[in-house]
Amino acid sequence: MKNRGGPFRIVVGVLGLILVVTLFPTVLTGFMGLWDVAASQVDTADNVTTAVAVTTCNVTLTQTLLNSEVANVASITSTIGGDVAVADNYTSPLLYLTGLTANVTAGEGRTLTTTYDYGIRDYFVAFPTVITIAPVVLFLSMIFGSGYLVVSGARKYRKN
């Protein structure tokens, strides 16, 4: 009886092990890239007022700001020409702004439009766990699968 498949299994298993070891850092980097998956959101606040000598206000964001960092606020625009709105501080769900024109009433119709990034992973309960565990499971299953091919190929080769 001829020996069929044993050497092929060994070669495929060894190639699999080499690929797993060399490509795993790339796979791991891809999974880490999923950690801060973000989407953009645009919120509008109408009739925002400021009192005399007050140049600050807060707006309520509909989504949680990504990593709770004001650096993830892309832009803030205002319908009042003198406003140079800047994100100052964030305490969920309130974004505190500075740089507004003082003494603006509701009748003047200030509308603030805030564009910001929010984290999608917050909406999926198991997503952070999957991102943490999946690379390990993938790595171990590929190592054991390739190892199984090498061992079964060696046994088949030795048997014949």
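Every read-out reported here was derived from the displayed coordinates using simple, explicitly stated rules and does not represent laboratory data. This one's a predicted model, so the numbers in the text were calculated from it and none came from an experiment. Positions of Cβ are backbone-derived with ideal geometry, glycine not excepted, and every protein chain shown enters the neighbour counts.
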222 nm mean residue ellipticity, helices alone, for the chain (DSSP H n ≥ 4; -39,500 (n - 2.57); rounded to 500): -14000 deg cm²/dmol
The chain: angle of helix 6-33 to the longest principal axis, Cα-based, in degrees nearest 10: 10 degrees
Karplus-derived 3J(HN,Hα), 6.51/-1.76/1.60, for each residue of the stretch 105-113, Hz, glycine and proline x: 9, 4, x, 7, x, 5, 10, 9, 10
Taking the stretch 69-109 and dividing mean pair separation by its residue count, relative contact order in percent (alpha carbons under 8 Å, at least six apart): 31 percent
Relative contact order of the chain, pairs being alpha-carbon contacts under 8 Å that are 6 or more residues apart, as %: 38 percent
Length added when fully stretched, Val84-Val52, from 0.36 nm per residue minus Cα-Cα: 9.8 nm
10 Å-binned pair-distance histogram of the stretch 38-123 (Cα, whole percent): 19, 52, 23, 5, 0
Thr79 long-range amide H proximity, modeled H, under 5 Å: Thr111
Charged-residue dipole, Cβ positions (Lys, Arg, Asp, Glu), the chain about Cα centre, Debye nearest 20: 2200 debye
Cβ-based exposure ranking for Ile76, Ile133, Ile120, in which fewest neighbours within 10 Å come first: Ile133, Ile120, Ile76
Candidates per chymotrypsin sites (Phe, Trp or Tyr not before Pro) in the stretch 75-160, loop by DSSP, up to 14 other Cβ within 10 Å: Phe124
Per residue Cα convex hull volume in Å³ - calculated over the chain: 123 Å³
Over the stretch 1-75 - Rg/Rh using Cα atoms and the Kirkwood inverse-distance radius: 1.49
Listed residues Ser68, Gly153, Val21: farthest to the positive end of the dipole of the chain (Cβ charges): Gly153
